[in-house]
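Below you'll find the structure, written out as C-alpha cells, and then a few comments.
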Amino acid sequence: MEFSLGTLEESILLLVVVAEEDAYAYALVKAYEEHMNKKLSLSAVHAVLTRLEKKGFVNSTLHQAGEERGGRKKRVFNITNTGKRAIEEIKNNRLRLWNLVPQSF
Amino acid sequence: MDVAPQNRPNPPKWIERIIEYLCIESIQDEILGDLYEAYQDNCSLYSIKKAKFKYITSGLKFLRFSNFKRSPIKTSSNMLFKSYAIIGFRNLKRQKLYAGINGLSLSLGIMCSILLAVYIYNELSYDQHLSNKERLYRLNTLQFEENGSIKQEGTATMLPLAPALQESFQEIEHVTRSFNFSRFVQTKNNKSKISITIADPSYFDVFSFKVTSGNKKHLFDVPYSVVLSEEMAQEFFGYENAVGNTLEIRMNKKYIPFEVTGVFESAPINSSLQPQIIVPMAILPLEFNKELSNSGNSWRTSFLNTYCLLRPQSNPLDFNVKLEQLWLEHFGEDLKSLYEDGEWGNKNQAMAGFRLQLFTDIHLNGVIWDGKTDDSRKMRLVYLSLVALLILLIGGVNFVSITIGRSSNRLKEIAMRRTIGSSKGQIRTQFLIESMVLSMISTMVGLLLSYLLLPYFGTLVNQSGMTAYFSISLFLFVCVFGLVVGFIAGLYPSILLARLPVAKAFKTNAKIGKSSTFTQFMLGFQLTAAAVLLSFVLLMNKQLSFIQKKSLGFNPENVLVIDLNTANDLLYTTFKNELLTHSSIASASATSRAFAKGSMTYGIDYKGESKSFHYFRVDPTYLSTLNIELLRGRNFNPELTTDITEAVVVNEAFVKTFGWQNGIGEVVEGFYDGDKPDPVVVGVVKDFNFESLEDRPLPALMSMDPEESEYENIIVKIEAGNTQEALQVIKEEWEQIEPDVPMKYSFMADDIASFYRAYSRWKKILTVSTILAIIIAAMGLFGLIGISLNGKTKEFGIRRILGANQLGLIFQLGKMYFWILSISFAIALPLLVYTGQKWLENFAYKVQLNGSIPALTIFIMVGVLLLSIVHHALKTSKIEPIEVLKND
C-alpha cells in the first residue's frame, strides 16, 4: 500500500497520536510549536488535518466545549488504522535505512 | 501583561462575521473556537493589541478557497447559461470575420463620436469657468439703418463710456475697460514681445481670475504697476517671487520700469480672454498722450472693449433701452454738435446705440468680425454634432443589422434547443444576452480607443487638456448606449427566431433577415448617411482648396514681416536704405499693419453717410513690394511732399462702397477732422484679400500720413532662393538700428496660411470622421452581403451547374443592393443640394455645386459596393458545386 505523506502531515499525524484524547487544531499547534520548535499557523494545521482526513489517516468527531472556546464546538481527531499503518511503515522504513548507515557516519 | 480573562475585551467581531459568511458551516465552529482559544492565550502572553492583531491575521488566513461555501447545486438555468456562453463563443469563433465586423463597427462608431463629443463639449465650455457669468456682459456698439434695423455691430467702444456708465446707472456693479497692444518686455531673465492688456483696476472685480499673490485691492495704486499671469511670472522671473520686482516694458522707444504688484492664475485654455500682462489705464495719459490728444479721449473714437457686471436683480433688456438713450441725452457736447450740425443723421432718431452681450455668448455667437456677427463656430458645432450623431447611428445600425444577419444562420441550433424543451423565453434571453455582451465589449473597446487617441485628436484640433472630459457620466452614457444597441440588436432576432415553427427552422433554406425589410431599411439608412457625409466632405474639400488657391491680389511669397516697436520713421528709412544696398533684398516697405496681422477700421462721415473701410499707412514702395496691381491713376510719388497728406490710393471695393464710377480725383470727404484738407484719390488698385476669403473683398485705403498711424511692420521682399543670406543681412542691419530690441519676424505666406488654419483644421476633422464613417458603412455592407450569401451557396451551385458565369452571379447578387443604393442617393442628393448651397453662401468666392460631386460620391459608393460583391461572388464561386449539393 502506498502512503503519500508530507513531512508536515507526518509530524501532525504523530502529534495526533501523542495528544491522545485531545487532538484538535489549536492543541496541535501548541504541541507542534513546543516539540518541534517551529512556528505554525492555525490555518495551516487546519488544512493539513482536513487533508489527512480526506486521505483516511484520521477521523474526527465534534465535541461540545465550554467558555474557554467561547462556547464553540471543537473537532477532535483520532488516528485510524490506516493512519497507524502509514506512520509505522514510515518509521520502519526509516529505521531500516538508519541501520544501513555505516558506523563511521 | 496579564489581564484577568473576564476583563479581556472580546476579539474583533467582524472576523467572526466574515468567516461565518464565507466558510462552510460545518467547519465554522472549530475555526472560531480555535481562534478564540489562541486569542485568550495570546492575551496572557502579549498585549491585548497584539493578541487582536494575531487574531485578525490568523483569522484571515482561513479565508482560502477550500474553506469557502460551495455554490449551491448547479441549477438547470446555470447550466443553460454555461451552454449559452459556450455556444455563443463558438459562434463568434466560427464567424470570426463577421463577428469582427460586427464588434469593430460599433467600436469605431463609438470612438469617433466620443472624440467629436469631447471637442464639442470643450467648445461649449468656453468661459464657463468665470463666476458671475450669468450677469457678465460686453458692451457692443450698434449702428442703425434709417428704418431702425441694425446695420453694424462692433466691439470697440469709447474711452469715456465706462466712467459715464458707472456714474449714471444703478444697475452696474463693476465696469472695466481693456485693450491689448504688443510690446517688448524685459527682465534680467528674459526678453520677448508680449501682448499687454491695459485695463481698469476693476478688471479683477469683473473677471474672476484669481489673484494668487499681491493684494487684490491695491494692485494698481500707482500708474507704473503691472500684474502678471502665473505663466508670465514664471517666464520672466523663474522661480523667484515676482511681486515687488521690476519688469521693463518698451514704450515710446525706451524701456520703462514697472513694478510687479500681483500675480494671477493663468486663464484656462477654454477662456476667451487670455490676459498675460496687465497694466493700469492710468498710464494712458502718461505714455499715450499723443494718441489721446488725437481725439482718442472723445466719444468719437472707439478703440477699447468695455465689460460690465450687472447687479443681480437688473434686467439686461431694460438696460439696453436705457443705453440707447445715452447717445441722445448724455454724451458730451462733441456728439450733440454732430447732431445739431445735421452731420450725423436725424436728430430725433438714434443712429447708433449700445447692446449688452452676454460674455459667455462671445465664443460661439458673438465673434464680431468687421462689424458682423460671426456664427461660423456655432454652425461648425452643429455640423459636427450631426456628423457625430450620424457616425454613432451608422455604427449602431451596423451592429444591429449584422447581429440579425448572423443569428439567421443559427436556425438549426434554435430548432434543436426547442426540440429538447427550451422555452421561447429562454431562446429570447439567449440572444439578448449574447448581443448585449458583444455590444458591451465593443463599447469598452471604443472607449479605450478614444481615450488612447485623444492626445492625437487634440493636436489635430489644436486643443490640449481635453482628457479632463473623460468623466464618469460620459462613461455611463456610453455604456447605456452600448447596452441599448445590444438590446435592440438582440431583440429583433430573439423575437423572430423564437417565434419560428420548429419544423420550419429545421429546413436548410429557411432564413430570416435575407429579405427582411427591416435589414434593408437599416442598410438604406446607412448608405444615405454615408452618401450625405461623403458628398458634403467632397464639396467642402473642393471649396476650401479653391479659396486657398484663389488669388489673394498680392504676392506674399518671399516676403518677410518684421515687427517694429515704436521705431521712428527716420530709423526705418536708414534701415531700408541699408537693406537695399544688398543684392539679396529685392525691395522693402513699411506699413501700419501687415496683412493677416489685423487691420485698422476707419469710420468716416462721407456726405452725410457713414462709411467704413480698412486703413493702411504705407510708403511708396508698398505696392511694388507686395505686387499689388495698379489699375488706374498713379502710385504715391516720393518726390511730392503734398502726397503725404493729400493723396490716397484705394482699392476697387472702396470705389464701389463710396459709389464712385472711376474713383480717380475723388475727394475722401470727412477723412480728416480739423481744418486739414481731405485727401484726393490718386490711384485705384485691384482688390486684395487681407482677411478671410469668406467675406467679400473689403474696402481699403492707403495713405502715407504719419499722423494717422505709426509703422508697425517693415516688409521686405527677398530675392527668391536667397532666404538664408537675406535673413543674415537683415539681422545685421537690424542690430545697427535697434541694438536693444531683438528682431521679431515672420513670413507673410505663413501668416496668411495661419489665417486659414481654422478652415484646414475643420476640414481635417470632417474628412477624417467621414472616412471613418465610410469605412464603418462599408464594413457593414461587406458583412451583410457576405451573410446573405451564406444561405445562397446552394442556389449558386445549381446556377453554376446550369452554366451561369461569374458575371451573372455578380449581377444576381448586386441587383438588390443597387436598388437600395439608388434609393439612398435619391434621398441624399436633395439633402446635399440644400445644405451645400446654404454652406456655400458663406463664401464670396465659391465653387459651383455641379454634377461632379454627386458623380464622385456615386462612383466611390458603387465602387465599394462592387468590390464587396465581387469579393464575395468570387469566394462563393470557388466552392465546387458538388461540395454544397452533395448532402441533398
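The values are calculated or read from the model by the stated rules, or taken from the named source; none is laboratory data. Being a predicted model, the structure only gives us computed values, none of them experimental. Virtual Cβ from ideal backbone geometry, glycine too; neighbours counted across all protein chains shown. For the accessible areas, the whole protein counts, side chains as well, though only heavy atoms, and no ligand, DNA or RNA atoms are used. Shrake-Rupley method; radii C 1.70, N 1.55, O 1.52, S 1.80 Å.
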Ordering of B:524-530, A:22-28 by burial proxy (mean other Cβ atoms within 10 Å per residue, highest first): B:524-530, A:22-28
Packing-based ranking, highest mean first, of B:14-20, B:28-34 given that Cβ atoms within 10 Å are counted: B:28-34, B:14-20
Proximal charge balance of B:Phe220 [Cβ under 11 Å; K/R count +1, D/E count -1]: -1
Dipole-positive endmost among B:Gln28, B:Ala388, B:Phe616 within the protein assembly as shown (Cβ charges, Cα centre): B:Gln28
Shape of the range B:605-714, Cα gyration tensor, a/c cut at 1.5: rounded
Cα convex hull of chain B - mean projected area over all directions, nm²: 57.0 nm²
Inter-probe distance in nm under a simple model that places probes 7 Å from Cα toward Cβ, at B:Leu483 and B:Asp750: 5.3 nm
Positive-end extreme of charge dipole, the range B:566-740 - chosen from B:Ile737, B:Gly683, B:Thr573 (charges on Cβ): B:Gly683
For peptides B:843-851, B:183-191, sequence by mean Cβ density within 10 Å, most packed first: B:183-191, B:843-851
Positive-end residue of B:Leu165, B:Phe209, B:Gly244, charge dipole of the range B:104-251 with Cβ unit charges: B:Gly244
Acute angle (nearest 10 degrees) that the helix B:723-737 long axis makes with the longest principal axis of chain B, alpha-carbon atoms: 50 degrees
Accessible area per residue in Å² at 1.4 Å probe, computed on the range A:15-79: 52 Å²
Given A:Lys38/B:Lys50; B:Lys193/B:Lys576; B:Lys412/B:Lys815; B:Lys216/B:Lys254; A:Lys39/B:Lys69; B:Lys378/B:Lys838, the pairs whose alpha carbons are separated by over 18 Å: A:Lys38/B:Lys50; B:Lys193/B:Lys576; B:Lys412/B:Lys815; B:Lys216/B:Lys254; A:Lys39/B:Lys69
Computed magnitude of the charge dipole of the range B:5-67 (debye, nearest 20; Cβ of K, R +1, Cβ of D, E -1): 480 debye
Neighbour net charge for B:Phe237 - beta-carbon separation under 11 angstrom, K R +1, D E -1: -2
Shielding of A:23-29 by partner chains, average beta-carbon count, 10 Å: 4
Among beta bridges that DSSP assigns inside the protein assembly as shown, antiparallel share in %, nearest 5: 80 percent
Interface area, A with B, accessible, probe 1.4 Å, both sides summed, Å² nearest 100: 1700 Å²
Mean separation of Cα contacts under 8 Å, 6 or more apart, over the residue count of chain B: relative contact order %: 13 percent
Net charge contributed by nearby residues that have their C-beta within less than 13 Å of B:Gly490 (K/R +1, D/E -1): +2
The protein assembly as shown, dipole about Cα centre (Lys/Arg Cβ +1, Asp/Glu Cβ -1), debye to the nearest 20: 8720 debye
Per-residue mean of C-beta atoms belonging to partner chains within 10 Å, peptide B:405-418: 0
Pair A:Val17, B:Lys686: separation of 7 Å Cα→Cβ label points (nm): 11.5 nm
Additional length obtainable on full extension of the chain from B:Asn462 to B:Ser47, 0.36 nm per residue less Cα span: 143.0 nm
Percent of alpha-carbon pairs separated by more than 38 Å within the protein assembly as shown: 67 percent
1.4 Å probe accessible area per residue over the range B:5-67, in Å²: 54 Å²
Residues with amide H under 5 Å from that of B:Ile256, placed H, sequence gap 5 or more: B:Ile249, B:Arg250, B:Met251
Helix-derived mean residue ellipticity, 222 nm - over the protein assembly as shown, DSSP H n ≥ 4, -39500 (n - 2.57), to 500: -16500 deg cm²/dmol
Angle in degrees between helix B:316-329 and the longest Cα principal axis of chain B, rounded to the nearest 10: 10 degrees
Dipole magnitude of the range A:7-90, debye to nearest 20 (Cβ charges: Lys/Arg +1, Asp/Glu -1, about Cα centre): 380 debye
Chain-alone versus full-assembly comparison, the range B:16-32, residues with accessible loss of at least 50 Å² (1.4 Å probe): B:Asp29, B:Glu30
Solvent-accessible area lost in complex, 10 Å² minimum, residues of the range A:30-52 relative to chain alone, 1.4 Å: A:Lys30, A:Lys39, A:Ser41, A:Leu42, A:Ser43, A:His46, A:Ala47
Per residue accessible area of the range B:156-293, 1.4 Å probe, in Å²: 42 Å²
Chain A - Rg (one decimal) and Dmax (whole number), Cα, Å: 15.6, 57
Shielding by other protein chains, B:34-47, mean Cβ within 10 Å: 4
Share of carbon and sulfur in the accessible heavy-atom surface of the protein assembly as shown [1.4 Å probe, %]: 57 percent
Residues along the range A:55-79 losing 30 Å² or more of accessible surface when the other protein chains are present rather than the chain by itself (probe 1.4 Å): A:Glu68, A:Arg69, A:Arg72, A:Lys73, A:Arg75
Under the Debye formula (equal points on every Cα, no solvent term), log10 I(q)/I(0) of the range B:5-67 at q = 0.23, 0.25 Å⁻¹: -0.90, -1.03
